[in-house]
Amino acid sequence: MARVHLRGIEKLGYDRDTGAIVTSIGFMKTVHDHKGEIVRYGKLLHQTGLVAATDGNLSVRLEDGTFLCTPTLMSKGMMTTDDLVIVDSRGQKIAGVRNVSSEIAMHLFIYRNRPDVHAVVHAHPPTATGFAAAGMPLDSALCSEIVITLGTVPLAHYETPGTPELAEALAPLVGDHDAILMANHGVVTYGEDLLTAYMNMETVEHYAKIALVTHMLGKQKPLSDTHVSKLREIRLKYLAQNHVGAGRSSD
Ligand SMILES: [Zn+2]
């Protein structure tokens, strides 16, 4: 069985109460392991209402420079490992029975521009997509932990799904953000592994719900610049501890 993924440390998560990075000794993941993870997180995307019908797509960068992706025209809640597709860096199919996601160009664009990224998730979470459809980025410092984990969530201008122009719309934002709203479309998130990319998607939708409540209440009281500065210091440590985002800005 091919060895495709080597990590010295496997990050398990960020403890929101203590600020500690929870880690364990790493292990090697096979293509089979990655396929199982994509099926698992596809189900979670569907079960948590972040996608409907055949929406959304997930991918993982493999150790040999190819990419494991979800198929087009299939519910991400109903996939088996046999439905997944492997493509090369140009999006050409190498293995698999089904056709690859129509959004593969967007995934490959992110991988090209972020060598630290090993997994990408695209979904249409209803609240965050509502903000995207209203032309509203999630860039107000309303919640301390969001400032630490995601910084801000910017809004990319609209381009037609599945076209190279959609990837180009993300270009100014990909380097400095791990989650982006896409106008009148949805959300894309990414990270060092699929767990991180998936959790970033959950976090964006949760944050959008909180922001929506503040709009319903008719009042927002963002954190002060001083408090945001302190949180950004913690964010830089968080990024450094995770060995991601080298050279990136703090938000
Ligand atoms: Zn989409």
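Bear in mind these aren't lab numbers, they're just calculated from the coordinates by the rules spelled out. Predicted, not measured: the structure shown is a model, and the values here were computed from it. Here Cβ is always computed from backbone atoms with ideal geometry, including for glycine, and neighbour counts include all displayed protein chains.
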Treating only the Cβ atoms of Lys and Arg (+1) and Asp and Glu (-1) as charged, compute the dipole magnitude of the chain about its Cα centre; round to the nearest 20 debye.
220 debye
The exposure ranking of R235, R112, R90, fewest beta-carbon neighbours within 10 Å first, is R90, R112, R235
Within the chain, what percent of beta bridges assigned by DSSP are antiparallel, to the nearest 5?
95 percent
Counting sequence-distant residues (5 or more places) and residues on other chains, those with an amide H built under 5 Å from that of V153 are L138, D139
Using a 7 Å offset from the Cα along the Cα-to-Cβ direction at both S75 and R112, what is the distance between the two label points in nm, to one decimal?
3.5 nm
Report, by chain and number, residues whose modeled amide H sits under 5 Å from the one on M182, excluding near sequence neighbours (fewer than 5 apart, same chain).
A156, V187, V188
Structure shown: which of K35/K93; K43/K237; K76/K237; K29/K76 lie over 27 Å apart, alpha-carbon to alpha-carbon?
K43/K237; K76/K237
Given springs between every Cα pair under 10 Å in a Gaussian network model of the chain, which of T72, T30, T127 has the largest fluctuation?
T30
Quick one: which of 208-221, 179-192, 129-142, 95-108 comes out on top by average Cβ neighbours within 10 Å, and what's the full order, highest first?
179-192, 95-108, 129-142, 208-221
Rounded to the nearest whole number, the per residue volume of the convex hull around the C-alpha atoms of the chain in Å³ is 121 Å³
Give the distance, in whole Å, between the Cα centre of the stretch 193-240 and the Cα centre of the stretch 50-114.
28 Å
